[in-house]
Amino acid sequence: MRFVSKKIITGDTLNIIEILIAFVLFFIYVFKNLRNIFFDKAFIGFIFLSFVSVYLIIYDTFRWQLIPLILLIIITYILLIYIGFIYKNKNLKVSHKLSRRIVTVLIASFLFSSIIFPLNDFKIYKGKYYVGNKIYTMIDPLRKEILSKNENRKISVKLYYPSDSISKERNRWIDNIDGLEKYIFAKYKIPKFFVSYIGNIKTNSYKNVEVSNNVEKMPVVIISHGFASLGDFQTSLAEKLASNGYLVAVINHTYGSIVTNIDNKNIYLDDNLFSNDDLDYFSFGKNIIDIYKKDIMLTIEGLKKLNSVKSNLDFKNKIDVNNIALLGHSIGGSAALLLEKDDRVKSVIALDPWIEPISSKFVKYGFNKPTSVLISDEWYNSENTRYIFRICEINNCVNSKVYKVNKFSHQDFTDLGELGLMSKLFKISKTDNYNLNHKKNNAFILNYFDYYLLKKNTESKLMSYINENNDIFKAIGVKK
């Protein structure tokens with residue numbers, strides 16, 4: 001089965017159609033001859049714009065970028081009615097100069113907003129399965145919450161899994177767009193409507209569909225995001241893995257995530273939550289990493305429980321809880337490395353892990369399981385990277401590999417580059433070809449886990465992929 005969507009008109013298609021509509025109206029107004037032909041046949045133009053309006057109502061979702069286009073359509077309606085019907089048999093002169101200025105401003109505004117802030121749905125991956133997702137709340141009976149001392153620690157975990165069916169609506173990229181809008185407004189004073197369009201971006205998974213009947217045991221990949229981030233920022237990777245037969249558990253670390261929804265209540269990031277006058281910067285890091293590590297352990301226990309009980313989606317006996325890989329970004333990568341020695345964990349990938357606060361834990365033993373550390377260009381020349389080199393040099397980490405990922409920034413390991421030019425303007429993404437390089441990075445991760453978890457690839461096939469893409473992945477600083 002191919003992993004595709006039944007939806008024909010995607011966000012990318014909408015952008016193209018909207019821009020074409022804008023250009024058609026632009027030519028009608030600005031070029032006099034075309035304008036005269038159009039006004040001579042005003043009724044045809046009226047029908048055309050009627051179809052445009054129906055399209056916008058049926059296929060599009062309102063967002064602020066459409067305001068200039070909607071104003072343009074309204075103005076055109078008024079002129080068409082006025083000229084084509086009220087003054088049908090009269091020689092009415094319309095100010096070409098004024099109309100051209102108005103239309104040019106509206107067209108420019110629309111094109112600028114659509115190009116800088118595009119509505120780009122996630123690219124479709126071709127895997128064996130469709131992908132379902134479901135959000136669970138997991139409660140740790142042994143830990144108290146960080147702020148609410150009388151409550152136990154709770155985290156939100158979103159599962160992505162192979163499925164044989166789809167629902168009517170594709171999942172939206174950001175599950176809690178309302179919470180994200182409020183956080184960004186409170187912290188950066190950016191108006192909510194400016195961010196709201198992100199909530200219309202659709203991915204390639206479907207909520208609450210049943211687990212595939214064609215899988216016997218799903219190997220597990222647990223993903224841990226960085227500090228002040230979101231689990232949703234690893235959606236494309238999670239969907240790619242799930243479409244190839246993995247159960248992917250993406251954690252939203254409460255108080256470490258930008259916003260986490262627990263029991264229908266938004267819990268926001270607190271930058272100063274883990275630090276006070278008695279703690280230095282590394283102590284802050286150690287505390288955060290320890291919390292993330294225990295959240296990953298809680299997720300493993302939660303998956304064991306889910307595997308043992310009958311549920312609506314039927315995960316029972318389909319989760320291979322003894323065949324787990326961990327993947328983490330930044331602080332999440334450090335937490336994943338700390339659990340490398342767990343017997344259930346077979347492999348680890350750490351993306352720009354912040355290793356400095358916990359480097360002493362690895363100096364003696366190094367990394368014993370198959371472990372890959374991927375370092376972005378942005379972090380490569382840092383003291384943090386030198387710690388990673390020292391660990392491998394001291395311990396001769398035979399099963400570990402360190403790769404420099406060329407043309408990547410720290411956030412290029414996430415989906416934030418999907419925001420297009422906006423990610424460039426705010427210096428979130430620094431790669432010239434984000435879509436291609438991000439796709440290659442996700443493919444590397446899939447090949448890596450296919451070899452170490454599914455045992456279906458040979459090592460030569462994995463290395464062949466790396467060698468074919470040596471412009472992106474460069475093996476460095478490892479003794480063999």
Query raised in the report: Which whole-number percentage describes the relative contact order of region 323-425, with Cα contacts under 8 Å and a sequence gap of 6 or more?
Result: 24 percent
Query raised in the report: Can you list the residues, at least 5 places off or on another chain, whose amide H is less than 5 Å from the amide H of Arg153, using H built in the peptide plane?
Result: Asp140, Arg143, Lys144, Glu145
Requested in this report: Would you kindly derive the ³J(HN,Hα) couplings of region 121-128 from the backbone phi angles with the Karplus curve 6.51 cos²θ - 1.76 cosθ + 1.60 (θ = phi - 60°), listing them in order in whole Hz, with x for Gly and Pro?
Outcome: 5, 5, 5, 7, 8, 9, x, 7
Query raised in the report: Could you give the Stokes-Einstein D for region 182-316 in µm² per second, using the C-alpha Kirkwood radius, 10 °C, 1.306 mPa s?
Result: 92 µm²/s
Requested in this report: Tell me which residues come under 5 Å, amide H to amide H, from Asn323 once H is placed; ignore anything under 5 positions away on its chain.
Outcome: Val220
**Report entry** Residue-wise HN-Hα coupling along region 145-162, computed from phi with Karplus coefficients 6.51, -1.76, 1.60 (Hz; x: Gly, Pro)
**Finding:** 5, 5, 9, 8, 5, 8, 10, 7, 4, 10, 10, 9, 10, 9, 9, 10, 8, x
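Quick one: of Lys202/Lys439; Lys310/Lys455; Lys217/Lys474; Lys305/Lys346; Lys240/Lys286, which pairs are farther than 24 Å apart, Cα to Cα?
Check vs 24 Å cut-off fails for Lys310/Lys455; Lys217/Lys474; Lys240/Lys286.
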**Report entry** Charge dipole of region 130-476 about the Cα centre (unit charges at C-beta), most positive-ward option of Asn287, Leu454, Asn317
**Finding:** Asn317
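Values quoted throughout were computed directly from the atomic coordinates according to the rules given, and no laboratory measurement underlies them. Bear in mind the structure is a predicted one, so any value in this text is a computation, not a measurement. Here the Cβ is made from the backbone with ideal geometry for all residues, glycine too, and neighbour counts use every protein chain on show.
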